[in-house]
1. Any idea which of (1) in the same structural domain as Thr233 (by TED's automatic domain parsing); (2) over 20 Å from Phe204 (Cα atoms) is the one Glu341 doesn't satisfy?
2. Being in contact (Cβ under 8 Å) with a residue 40 or more places away in the chain, of a type outside the set (S, T, N, Q), under 22 Å from Arg435 (Cβ atoms) and assigned to a loop (DSSP other than H, G, I, E, B) narrows it down to one residue among Gly253, Gly202, Gly246; which is it?
3. If I ask for residues that are in contact with a strand residue (DSSP E or B) (Cβ under 7 Å, 6 or more places away or on another chain) and of a type in the set (A, V, I, L, M, F, W, C), which ones from segment 266-277 would you list?
4. So which residues in segment 211-250 are surrounded by fewer than 20 Cβ atoms within 10 Å (Cβ to Cβ) and closer than 30 Å to Ile405 by Cβ, if there are any at all?
5. Out of the residues in segment 506-561 that are farther than 15 Å from Leu489 by Cα and basic (Lys, Arg), state the one that is modelled with the highest pLDDT.
6. Could you list, in sequence order, the residues of segment 6-26 that are touching a helix residue (DSSP H, G or I) at 6+ places or on another chain (Cβ under 9 Å) and acidic (Asp, Glu)?
7. Ile140 - would you say it is in contact with a Lys or Arg (Cβ under 6 Å, 6 or more places away or on another chain), surrounded by 13 or more Cβ atoms within 10 Å (Cβ to Cβ) and without any contact (Cβ under 8 Å) to a residue 60 or more places away in the chain?
8. For segment 205-231: of the residues being β-branched (Val, Ile, Thr) and part of a loop (DSSP other than H, G, I, E, B), which is nearest to the chain's Cα centre (by Cα)?
Amino acid sequence: MINDDTYTNHLIDESSPYLLQHAHNPVNWYAWGETAFNKAKQVNKPIFLSIGYSTCHWCHVMEKEVFEDKEAAALLNDIFISIKVDREERPDIDKLYMTVSQMLTRSGGWPLTIIMTPDKKPFYAATYIPKQSSYGRPGIMDLAKTIRDLWKKDKEKITEITDQIMSELEKTAISQDKTKVSHLIFDEAYEHLRAAYDSANGGFGTAPKFPQPHNLLFLLKYWKRTHTTEALTIVEKTLTSIRNGGIYDHVGGGFHRYSTDAEWLVPHFEKMLYDQALLVLAYTEAYQATGNEIFKQTAREIINYISRDMTDTRGGFYTAEDADSEKQEGKFYLWTYHELEQVLTGEELSILKNYFAITREGNYRDEATQRATHQNILYRTKADEDDSSSPDSDIAKIKATLFRIREKRVHPDKDDKILTDWNGLMLAAVSVAARVYHDDTYLEMAEKNAHFIMKILTTESGSLLHRYRKGEPGIPGFLDDYAFFSWGLVELYQTSFKTEYLRAAITFTDRMIKLFHDDNNGGFYINPEEGEKLLIQQKEYFDNAIPAGNSIVLLVLHKLARITGNSDYENHARRLIESTSSTMNTYPFYFTQLLYAFDSLSGRSFEIVMTGTQDEMSPFLKALNESYHPNTIVVLKNPANPEENIDNLTTYTKNYNRRDEKPAIYVCKNFTCSLPVHNIKDMMELLE
């Protein structure tokens, strides 16, 4: 990237690290806004829209090849008004134009390139574009000239294309026919996942492979629902495989974004906050289901990585770490055999070779040429997995040595903006981990994060903001911000039993309903009604790398309905399911996070009212949290702390009290509660 001030464009005053990366490109970039669109109308030029994010490897490649190139930049400046968008700051813009890309090209990805009219109507879409055309892929030099000629000589053709695209976009926004959702939908989603399962390597499909933790969370619930052992086997195999693979950072903890191969060996090395959060949840729930200590260890290592490298001093969680350092992808994470010989003793190197697939020639191959690079990724083969000859203490000591050496290297760039929605995911994950692993440091981490969001990213009127960076909060919150943060607050309440978090979750959820709910058809829009007007109002239901906002909304509505007894939440939840029922019945495997929430809604949840102090309830909570009961809500009615009186926030707990001065546990299912019990055995039997 160009780091001098030879060129400076309109991005120089932006906050986004991604936009600032491009502030000294010779391309005359604008940020998204009326300034750019008015300029395009004034000079009668089409818009060149480029969407990406700061840790995107191919975004860096296109910048180097095209946006830093003087000849290419001059052509772009001559023909277009160019706009840069950080997809993480503006997920609404990204989702809209990604939909367009999939309509036009049947594919998508980043960098996303859209060419459109000054009134935001697209007529061309692509992802990465090289400077020169090759192998059937148009280069920017040829493409720009083609667009210039089309713009000048055939506006009618452009209008025809934009009208077709707008017609298709508007169809996506039209309410679909509502159908009944059968419980068979869980079986159908499971059968699709089972068919896509890679039994040799774990995970689903072939290369490239993503961890897809929401699929694993769904499968765990499906196993609990049906006792289908293969569902649990798929989860165990996949979590074990990605833990052993090169996609996992064995030295520093945390997962890379995806694997370029089917064996989980060679990753794209960027690390995203949302992946860490969702994988903490997957490993933690799998630990509850199986008792596998490796799952617990992996979850704790992820959290330790986040705490060490990805947490602001005030408690916010950073967004991502880049794949590249010193202009080479993965350099920070790779090891030459010679380097390992220099930093380890002969005995340590022998142990490392037995534990990981380290070779003198290197196991890491160049993605483009498939040639050996004499560099190694730390990963375990199937043969390694069967070898338990190396004590864990030896491996831990060697990893610590490698970590100290690696810390001296040039680190990948960090995207240090703080996003409310992704922080909500991590807040939920750390809160769950705190109660399952009985770790007060995790609880402190979660509470600090919650207070940061409530203080810094909440306006005086009570609305959430989307982004914070270097002292500057901004961008009105989207649906995901409200949904994900409310989920985090609910989980934090379930861990701490401090009513301030439950009260905040209720407040933000009520505001979310007011701002985003489609009162006519059910479900929730990405943008609030009074927000910036894009081409259409969008709803997101499909679960991609990040769960859809509506999936987490459903989870939050169900949990709050059962905690508070407020049936309005349940009604909104059922209307949400109706609003996407037709598509969900057709493609259930695209809705696994939504189905995870729907499993709780469809009559399989328990509510437990505990009447006693937290010390008295501690053994009960320990037993409950160490077992896998994913559809269980716990409410604590603490007689020793009137300030935390849950009766003020619920409609039904007033009648649940201690019996004979002893703590009492009430287990409720399908709106019917058992007689109170007083010991762990009776409580667990009621849950089974």
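The values are calculated or read from the model by the stated rules, or taken from the named source; none is laboratory data. In this text the structure is predicted, and so the values were computed from the model without any measurement. Glycine gets a Cβ as well: all are built from the backbone with ideal geometry, and neighbour counts include every protein chain shown.
1. It is condition (1) that Glu341 fails.
2. Result: Gly253 is the single residue among Gly253, Gly202, Gly246 that is in contact (Cβ under 8 Å) with a residue 40 or more places away in the chain, of a type outside the set (S, T, N, Q), under 22 Å from Arg435 (Cβ atoms) and assigned to a loop (DSSP other than H, G, I, E, B).
3. Within segment 266-277, Val266, Phe269, Met272, Leu273 qualify.
4. Thr240, the sole residue that qualifies.
5. This residue is Lys514.
6. Passing the criteria: only Glu14.
7. Against the criterion (in contact with a Lys or Arg (Cβ under 6 Å, 6 or more places away or on another chain), surrounded by 13 or more Cβ atoms within 10 Å (Cβ to Cβ) and without any contact (Cβ under 8 Å) to a residue 60 or more places away in the chain), Ile140 does not qualify.
8. Ranking the candidates gives Thr206 first.
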